[in-house]
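Scroll down for the structure; my scribbles are underneath it.
The values are calculated or read from the model by the stated rules, or taken from the named source; none is laboratory data. Computed from a predicted structure; not experimentally measured. Glycine also receives a Cβ, built like all others from the backbone with ideal geometry; neighbour counts cover every protein chain displayed. Accessible surface is based on the protein model in full, side chains and every heavy atom, while ligands, DNA and RNA are left aside. Shrake-Rupley method; radii C 1.70, N 1.55, O 1.52, S 1.80 Å.
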Amino acid sequence: MAISPNTPQGMLNRLRGSVIIPSNSALNVTSDFLTPEGIEIQPEGNVTDLLDTMTGRVGSQAAKQNINVVINLVRSQSLATAYYNQIKKNTALGDLRIISDSSSQPDRTIRNAYIISRPEEALNGTQVKWNVTIGGYEIVNSDLWEAA
């Protein structure tokens, strides 16, 4: 197979990544509320487990994958305060939609999302980042649902 030097590499747009929370639009996150770390998606666990047999392996596909989303907010802005107030009131968020920094990737839906942690804070005028972690799950191996 030949390698082509003309393969388009695409583009990443630092301003495109965002989080949309349909049940509470006051918590929607766009790039102007983020530190340079932006939005991080942290999958947990396997999408398929390979189980050993005497002579090989059997695949056991997962129907969902746990996902943590870390949102690195600017602490001095009102959106960080809105998240703090939400934590004090109710950590349940419902579904959320993540828009990637790459237009070639589809939006992702995280289901049954909850705020699961908030950061330590240094109140000495030197900490800009206030990162909140949201946990939920994403459907994987969607063909399994058709076969059930």
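In the chain, what percent of the accessible surface is made up of carbon and sulfur (1.4 Å probe, ligands and nucleic acids excluded)? Reported share for carbon and sulfur atoms: 50 percent. Using a Förster radius of 22 Å, what is the FRET efficiency between Asn112 and Glu40 based on their Cβ-Cβ separation? Nearest 0.05, please. The value I calculate is 0.70.
If R0 equals 25 Å, the separation of the Cβ atoms of Ser103 and Asn141 corresponds to a calculated FRET efficiency of about 0.50. Across the range 35-54, the residues whose backbone nitrogen lies under 16 Å from the label position 7 Å along the beta-carbon direction of Ser76 are 35-36. Remark: relative contact order (the chain) = 27 percent; criterion is Cα-Cα distance under 8 angstrom and separation of 6 or more residues.
Of interest is the spacing of the C-alpha centroids, which for the range 2-74 and the range 112-148 amounts to 11 Å.
Relative to the dominant Cα principal axis of the chain, helix 78-89 is inclined by about 80°.
Put simply, the amide H of Leu93, placed in the peptide plane, has neighbours under 5 Å in Ala113, Tyr114, Ile115, leaving out anything fewer than 5 places away on its chain. Per residue, the solvent-accessible area of the range 1-146 (1.4 Å probe, heavy atoms of protein chains only, all protein chains present) comes to 66 Å². With a 1.4 Å probe rolled over the protein heavy atoms of all chains, the accessible area of Leu15, Leu93 falls in the order Leu15, Leu93, largest first.
Here the dipole of the chain is about 440 debye; that uses its Cα centre as origin and unit charges on the Cβ of Lys and Arg (positive) and Asp and Glu (negative).
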